[in-house]
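Right, one structure below, let's go through it.
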Amino acid sequence: MKFEKLNSLPPKLVSQGSRKASARWQILAFVCIWILVFLRQNSKANKTATYTIGEQQLKGIEIFLKPETSTRHNFGVLFERVLHDAQKKKGNFLEIGGGSGSFFDHNMATFGHMIQNYVIIEPYSLISETKERLPAFAEKVYKWRNNSSSPTSVTVHDEFSTNLELIKSFPDEYFDFVYIDGDHSYKGAKSDLINYFRKVRSGGVIAGHDYCCNRKEYESTIHAPWCGKYIYPVSTSKREKHGKDKVAFCGIFLGAEEFAKENNFYWLYTLEGRGEGNAAGDNNPSYFTIKL
Ligand SMILES: C[S@@+](CC[C@H](N)C(=O)[O-])C[C@H]1O[C@@H](n2cnc3c(N)ncnc32)[C@H](O)[C@@H]1O
């Protein structure tokens, strides 16, 4: 409608038209506000560490309290959480004791995109007859180093974690996550905690595997989880071991407990299927805490 024509319309019609226009503006303003609120909430949600298991969206450490999600295979959630809290996009991960590389492989596949440097200390080549790395381990290291879509730098130290030069080579507070799974004796576990706790930044995670005792120790040791039985093929590749008590590592449990007591904190630990009628679990628990 032309401007002159609008001016010549009767006053009633003009005011009806302007009421319609103002209603349109109100609707538009409402839609804009709604879009802004939606975008704000969405950006908040995106900044929070989440992990989807089935239909559930889980955040932070509460997933380690549920038997069905409390497993070290979900440590990516913890990693994401502590990076988020420090407003970091990537962090450094140390694994002491690489073994066959299965945990490394899993971590790289699930949260490698958040890892700047993945460092592994594994002395196998120093003690093996061939003086070479375990083939299964070497294969996984090769695979991730040569994965062009992986931005993670992978470093392997063919050394014992107790090597003083090696310990000194890591700046204090360098790692966002340290996972101890090397020497399984009381002395070894405790010395790794003493030497590497300071290498974790405040707000980062220190953790370790095999935080459990055998049946007898479990019954007489307060709060010790039971390592459990072998279940073929979940926790042993040998059918004849099925149902027998697993080799346990109560020294790790005791060393970790002592260390926590000396440093005034408590460990949390993963349940790995324990609870809900399964006292033995499918894997040994991992202890962990966020360093204050
Ligand atoms: C149980 S395996 C590790 C498994 C691996 N973390 C995983 O979950 O896939 C233990 C490894 O620790 C290594 N180890 C033993 N003593 C060690 C030490 N002092 N420092 C570092 N690694 C050690 C052994 O050679 C062995 O490969």
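The values are calculated or read from the model by the stated rules, or taken from the named source; none is laboratory data. For clarity, every value in this text was computed on a predicted model and none was experimentally measured. So basically every Cβ, Gly included, is an ideal-geometry build from the backbone, and we count neighbours across all protein chains shown.
Could we say that Ile127 is within 12 Å of the ligand (Cβ to nearest atom) and among the hydrophobic types (A, V, I, L, M, F, W, C) here?
Values: within 12 Å of the ligand (Cβ to nearest atom): yes; among the hydrophobic types (A, V, I, L, M, F, W, C): yes.
Answer is yes for this residue.
Being under 22 Å from Lys291 (Cα atoms), loosely packed, with under 14 Cβ neighbours inside 10 Å and charged (D, E, K, R) is the filter here, so list the residues in the range 210-262 that pass it.
Lys261, Glu262
Name the single residue, out of those in the range 258-292 being among the polar types (S, T, N, Q) and at pLDDT below 95, that is farthest from Lys190 (Cα to Cα). Break it down stepwise before answering.
So in the range 258-292, the residues among the polar types (S, T, N, Q) come out as 263-264, 270, 278, 283-284, 286, 289.
Narrowing the set further to residues that are at pLDDT below 95 leaves 278, 283.
Details: Asn278: 29, Asn283: 22 Å.
Looking at residues that are among the polar types (S, T, N, Q) and at pLDDT below 95, I get Asn278.
Can you name the residue in the range 282-292 that is touching a strand residue (DSSP E or B) at 6+ places or on another chain (Cβ under 8 Å) and surrounded by 17 or more Cβ atoms within 10 Å (Cβ to Cβ) and is also nearest to Arg201 (Cα to Cα) among such residues? Write out each step before concluding.
Step one: of the range 282-292, the residues touching a strand residue (DSSP E or B) at 6+ places or on another chain (Cβ under 8 Å) are 285-292.
Of the ones still in play, those that are also surrounded by 17 or more Cβ atoms within 10 Å (Cβ to Cβ) are 285-291.
Numbers: Pro285: 23, Ser286: 20, Tyr287: 18, Phe288: 14, Thr289: 12, Ile290: 10, Lys291: 7 Å.
By that ranking, first place goes to Lys291.
Report the residue count in the range 180-209 for those that are within 14 Å of the ligand (Cβ to nearest atom) and surrounded by fewer than 15 Cβ atoms within 10 Å (Cβ to Cβ).
Counting residues in the range 180-209 that are within 14 Å of the ligand (Cβ to nearest atom) and surrounded by fewer than 15 Cβ atoms within 10 Å (Cβ to Cβ) gives 3.
For the range 83-94, check the following and say yes or no: at least one residue is within 16 Å of the ligand (Cβ to nearest atom), at pLDDT 95 or above and farther than 13 Å from Tyr179 by Cβ. Give the steps one after another, and end with the answer.
Taking the range 83-94 and keeping what is within 16 Å of the ligand (Cβ to nearest atom), we get 93-94.
Subsequent filtering for residues that are at pLDDT 95 or above retains 93-94.
Applying the additional criterion that residues be farther than 13 Å from Tyr179 by Cβ yields none.
No, the range 83-94 contains no residue that is within 16 Å of the ligand (Cβ to nearest atom), at pLDDT 95 or above and farther than 13 Å from Tyr179 by Cβ.
Are there strands (runs of 3 or more DSSP E) fully within the range 117-236 with at least 3 residues that are more than 20 Å from Tyr287 (Cα to Cα)? List them.
On the way: elements: 153-157, 175-180, 200-208.
Those strands (runs of 3 or more DSSP E) span 153-157.
Which pairs do you get when a residue that is away from the ligand (no atom under 13 Å from the Cβ), found in the range 96-118, comes within reach of a residue that is assigned to a helix (DSSP H, G or I) and of a type in the set (S, T, N, Q), reach meaning Cβ atoms under 9 angstrom, with the pair 6+ apart or on two chains?
Qualifying pairs under 9 Å: Thr110/Asn74; Ile115/Asn107.
Residues that are within 13 Å of the ligand (Cβ to nearest atom) and without any contact (Cβ under 8 Å) to a residue 40 or more places away in the chain: does the range 224-241 have at least one?
Checked the range 224-241: no residue is within 13 Å of the ligand (Cβ to nearest atom) and without any contact (Cβ under 8 Å) to a residue 40 or more places away in the chain.
Please specify each residue of the range 139-161 satisfying the condition of being within 12 Å of the ligand (Cβ to nearest atom) and more than 23 Å from the chain's Cα centre (by Cα).
Selection gives Asp158, Glu159, Phe160.
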